[in-house]
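Data block below; observations after.
Coordinate-derived values only; no laboratory data. Not measured: the values here are computed from a predicted model. Glycine gets a Cβ as well: all are built from the backbone with ideal geometry, and neighbour counts include every protein chain shown.
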Amino acid sequence: MLAAAVVTAALLAVALVAAFAGGGSSGVTYLDGNDTAVLYASGHRPLAPEFSSTTLAGTPMRLSSYRGQVVVLNFWGSWCPPCRAEAPALAAVARHYQPGGVSFLGVDERDSQASAEAFVRNFGVAYPSVSDPSQVIALDFSAVVPLAGTPTTLVIDPSGHIAGAVFESATYSELAAILAKVTGKGG
Amino acid sequence: MTDVRAPETDPFDAAAEPDDPSRPGPASPAGGAFGLAGWLKWAWRQLTSMRIALVLLFLLALGSVPGSMLPQQGNNPSGVQQYFVSHPALAPWLNHLGLFNVFGAPWFAAIYLLLFVSLVGCVVPRTFRLAGSARTLPPRAPRHLARLPRSAEYATALPPAEAGIWVSAEKGYLREAGNLLFHLALLGVLVSVALGGLFGYKADRLLVQGTTFADTASALDEFHPGRLVTAADLAPFTITLNKFDASYIASGSQRGQPAAFDAQIGYTEQPGGPARTGHLEVNRPLSIDGATVYLIGHGYAPRFKVTDARGQVVYDAPTPFIAGTTGNFMSEGVVKVPDARPEQLGFTGVFVPTAVDVGGTLESVFPAADNPVVSLIAYAGNLGTNDGVSQSVYQLDTSGMQRLTTSPQVLQQGQSLKLPGGQGTITFTGYVPWVSLAITHDPGQLPALICGIAALGGLLLSFMIRRRRVFVRARSGENGTTVQVGGLARTDASGGFEAEFASLAAELRAACQQGRHPQREAE
């Protein structure tokens, strides 16, 4: 009986430790361990949810209008330091890959129009961004990929499936590696 | 339920034991030939004793005191910083002891884990014992019934063959059932709490009037998932703050105290789902798709428009300011303009809802925005936002910045401040309220409530129902047969047993005198 009690107590204690330790964690859970740059094998690529919004310039925009092209979709905000840190690398990737047919689209998260426009001017972002002040687009995408924060960069294949992702500040080499796989062309 | 036992069954009842037997074994392992196992057994008995549980419970209450006296990192990080500034010598020591994060401190965890182990270790064996005790038949009748607290004796003309037999009976088994229910329910409460910690989550979000947020990890200011919860488990609702009204008592000694808060919200349960409207008030949360949304705070977000040296609008947004401790919603905040050129701009500010000038110092005399002004200090330089390190939106790191204005500049609504050196302009264009929402999901809540009620019910049963025993013994004497009746209540709560016993004894006597045998009748 004592042994049974000890086992029960130990089990409950473990459960409780786990429960309370969970409450104190940083709050972000990555399903893919510590790897922040992810490549999805074909057949395992989640379908990117469709969205329609307006760009910062006021033009209506749908994701499905990019069908048939590889799209780099970058979630960013002018208020977010990691987004500001990755902005020069992202602009450089865009300059290198846009002529080869890769499209780039930004999703501006929880931002004001004035701040977003100033950011785009400042970093010389040469591709459009849609406004997502309420983060509904992020919500839709979080249902298919573990999108847990800003910035996140997704690479969508011509069939509209998510082929790769960087779940934090992206570097040139990470994006180049993903694009090389998805476009089938070397970096 | 009444159990009646006749002598045909085993007269010696090994399972019969006192209500709360003193545990076997020595009080301390000292002085005996005790090995490691003996010490462990002793430690386990100590830990699971009621005394230690009470001590731990007291320590838990004591440990929570600093949690409510000192600002806590989790719910009031700015308060902690203020404390560090105002108590530079004491604060680092308190921090070492974990007193700014009491409920996450290892020593606090040690107390509650020990308490839980103590409770479980006490409750589980007790549950088994109670289960056994609830099934136990009453013991055989004692030899000398006259020594029992209640007894009666009468002579009868029963035939001698029937003499020498005894009957023992017991009533009030529901008491043990109640006891059992209480202990099981107590375990249920523990499991429910664990369930909530594993599968529940807590999140916070500040929402400015007129804006919408989607319940996704990247849109939450704070997200504390349980061990087995991921961001994908969040309920995919959206909430829009249409309007927030706060009213305050305008006169009397209660002047400035809040009278009512009302947040009018619109929401959808899924993106693209039907739009609904609702109200959030303090202590009147809204349930959306398994999550509960509470209104936990509010404040003002002054709206600023900033143009840089080139004349371009680089900032135009409401900026949430947080009410400080000085009262009447005197609120502090920071405006960061990372894309101003040639240099980044930053402002620290104070929003004063109803401002009066008291000897050259601004004070707020009422929490409503009757005469709103802001007081700003401007900086230019490097905000530190471009090197990728996340920073608080409520703090300005001025280490790489140069102060542009020597004294704080006070602006009324619509007024502008021209920055020196042609660095730009900041305009205070208005203000909107914001609310702070807590989003929680606790699957253990309902089971905990049910178990709590069951525990209370069990406790009531065990308090109100008396367990009592009555024995009858017939002896052959010289003048016929003497019947002895004895009874005792097994608990202190024996009120009413005297009357019950007396009426039972009288009934037995009457039955015997009429020549009937009560046991026969029972068959």
C-alpha long axis of helix B:497-513 to longest principal axis of chain B, angle in °: 30 degrees
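Could you tell me what percent of the DSSP beta bridges with both partners in segment A:27-185 are antiparallel, to the nearest 5?
65 percent
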Between segment B:299-333 and segment B:437-465, the Cα center-to-center distance that results, in Å: 46 Å
Added length on full extension, which subtracts the Cα-Cα distance from 0.36 nm per residue, B:Ser392 to B:Trp93: 105.2 nm
In a Debye calculation with equal point scatterers on the alpha-carbon sites of segment B:28-130 and no solvent, what is log10 I(q)/I(0) at q = 0.17, 0.20 Å⁻¹? -0.82, -0.97
Helix B:106-135 axis, angle to chain B major axis (alpha carbon atoms, nearest 10°): 30 degrees
For A:Lys185, project a label point 7 Å along Cα to C-beta. Then give me every residue of segment A:43-71 with its amide nitrogen under 20 Å of that point. A:66-71
Local net charge near A:Ala116, Cβ-Cβ under 14 Å (Lys/Arg +1, Asp/Glu -1): -4
Relative contact order in percent for segment B:278-404 (Cα pairs under 8 Å, 6+ apart) equals 17 percent
Residue by residue through segment B:235-248, the couplings from Karplus 6.51 cos²θ - 1.76 cosθ + 1.60 with θ = phi - 60°, in Hz, x for Gly and Pro, are 5, x, 8, 10, 10, 10, 8, 6, 7, 10, 10, 10, 10, 10
Quarter of the Cα convex hull surface for segment B:67-115, i.e. its orientation-mean projected area (nm²): 3.3 nm²
Please order B:His183, B:His87 by the number of other Cβ within 10 Å, starting at the fewest. B:His87, B:His183
Along segment B:219-227, what does the Karplus equation 6.51 cos²θ - 1.76 cosθ + 1.60 (θ = phi - 60°) give for ³J(HN,Hα), rounded to whole Hz, x for Gly and Pro? 9, 9, 6, 9, 9, 10, x, x, 3
Please turn the phi angles of segment B:320-335 into ³J(HN,Hα) values with the Karplus equation 6.51 cos²θ - 1.76 cosθ + 1.60 (θ = phi - 60°), one per residue in order, whole Hz, x for glycine and proline. x, 10, 10, 5, x, 8, 6, x, 6, 6, 5, 10, 10, x, 9, 10
State to the nearest 20 debye the size of the charge dipole of the protein assembly as shown about its Cα centre, where the only charges are +1 on K and R beta carbons and -1 on D and E beta carbons. 1540 debye
Counting other beta carbons within 10 Å of each Cβ, put B:Lys171, B:Lys305, B:Lys418, B:Lys336 in order, fewest first. B:Lys418, B:Lys305, B:Lys171, B:Lys336
Please compute the contact order of chain B in relative form: average sequence separation of alpha-carbon pairs under 8 Å and at least six residues apart, divided by the residue count, as a percent. 18 percent
With axes computed from alpha carbons, what is the tilt in degrees of helix B:174-199 against the longest principal axis of chain B, rounded to the nearest 10 within 0 to 90? 20 degrees
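Once you have the Kirkwood Rh of the protein assembly as shown from its Cα pairs, apply Stokes-Einstein at 4 °C and 1.567 mPa s and quote D in µm²/s.
Roughly 41 µm²/s, to the nearest whole number.
Averaging sequence separations of C-alpha pairs under 8 Å and six or more residues apart, then dividing by the length of segment A:27-185, give the relative contact order as a whole percent.
Computed over segment A:27-185, the figure is 35 percent.
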Given bins 10 angstrom wide, list per bin the percent of all Cα-Cα distances in chain B, short to long. 3, 12, 17, 17, 13, 10, 9, 8, 5, 3, 2, 1, 0
State the three equivalent ellipsoid semi-axes of segment B:216-285, derived from the C-alpha gyration tensor as the square roots of 5 times its eigenvalues, in descending order and whole Å. 32, 17, 9
Residues with amide H under 5 Å of B:Val373's amide H, sequence separation 5 or more or different chain, H placed in the peptide plane at 1.01 Å from N; which? B:Val352, B:Ala355
